[in-house]
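Everything below concerns the one structure shown next.
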Amino acid sequence: MSESGGTVADRLREQRAVRLEILVVLSVTFGLSGINAALSLLESALAPGGVGEQTVALNSSRTSQAVLDLLFQLLGVARLAAWAGLALYLLWRSGLGPRAIGLARIRFRPDLLHGLLLAAVIGFPGLGLYLIAQSLGINVTIVPDALADHWWRMPALVLSACANSGAEEIVVVAYLLTRLRALGWSDNSALAASALLRGSYHLYQGLGGGIGNVVMGVIFGRYWQRTGRLWPLVIAHAVIDVVAYIGYGVLRGRVAWLP
């Protein structure tokens, strides 16, 4: 009886520890980002002209000094890498190394192919949703690249895209779904939580951005649950961001629907 009670008590302590760990990780990373994004959306809604008249730059210069600006951009990349590293470390401490969450040695042909297919499935409809939401006045105008024209601009945009991709897919998919599974959540409940979290920290883009990223979260999360492979998600997300960041600079002034 006492042994059984001890086992139950140990399990309850372990679950409390996991809940606390999730709270801390999300507070440090995307949880507070979601609250900040919601407040930004409220600010946009209360501003003159409403959400549709506001503009948000995803990558912008912090200073006119080229070297200092580069250091600021690299600091942002390092911050995202640290978020991903924290999640990987905590999973590793619990006995789940990179291989267990789908970050085994990359298989270039299938992982790259699946990544490109996922990027197409998410990217093209996502662009259409953005244009519709913007025309309805429920999305801000998004400027993917507002960096000054320094020599390091393109590499910095690619690094930013890769950092965003790694941090989001490791923390929001692999880490969160793994931890919620350990708490006994069903796959569908955990998937909904992960997708809603992804949508929340994109609310600064408007309701269209939030909804679009919830859909992305459902597709990406289900893919991981069924395949156990994370590399295709990292690749897909990076491709979407790189195309958005660099494509904006190429198309700006050449197409009427870009600001």
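Figures for the structure shown
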quantity: Hey, residue 94 more than 30 Å from residue 179 (Cα to Cα) and at pLDDT below 95 or not; calculated: no
quantity: Residue pairs meeting the criteria (Cβ under 7 Å; at least 6 apart or on separate chains; first farther than 14 Å from residue 28 by Cα, in segment 82-104; second not in a helix (DSSP H, G or I)); calculated: 98/104; 101/230; 102/228; 102/229; 102/230; 103/230
quantity: Check on residue 193, in a helix (DSSP H, G or I) and either under 24 Å from residue 103 (Cα atoms) or at pLDDT below 95 (or both); calculated: yes
quantity: Residue check, residue 40 in contact with a helix residue (DSSP H, G or I) (Cβ under 7 Å, 6 or more places away or on another chain), of a type in the set (S, T, N, Q) and either more than 20 Å from residue 207 (Cβ to Cβ) or at pLDDT below 90 (or both); calculated: no
quantity: Total residues in segment 63-97, condition among the aliphatic types (A, V, I, L, M) and under 25 Å from residue 244 (Cα atoms); calculated: 13
quantity: Options 137, 115, 123; residue that is in contact (Cβ under 8 Å) with a residue 40 or more places away in the chain and open to solvent by less than 10 Å² (accessible area, probe 1.4 Å); calculated: 115
quantity: Residues satisfying the stated conditions in segment 36-62, i.e. farther than 23 Å from residue 241 by Cβ and either part of a helix (DSSP H, G or I) or in contact with a Phe, Trp or Tyr (Cβ under 7 Å, 6 or more places away or on another chain) (or both); calculated: 39, 42, 43, 45, 46, 52, 53
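The values are calculated or read from the model by the stated rules, or taken from the named source; none is laboratory data. For clarity, every value in this text was computed on a predicted model and none was experimentally measured. A quick note on method: Cβ atoms are made from the backbone with ideal geometry, for glycine too, and the neighbour counts reach across all protein chains shown. Protein only, heavy atoms only, side chains kept; ligands, DNA and RNA dropped before computing areas. Shrake-Rupley method; radii C 1.70, N 1.55, O 1.52, S 1.80 Å.
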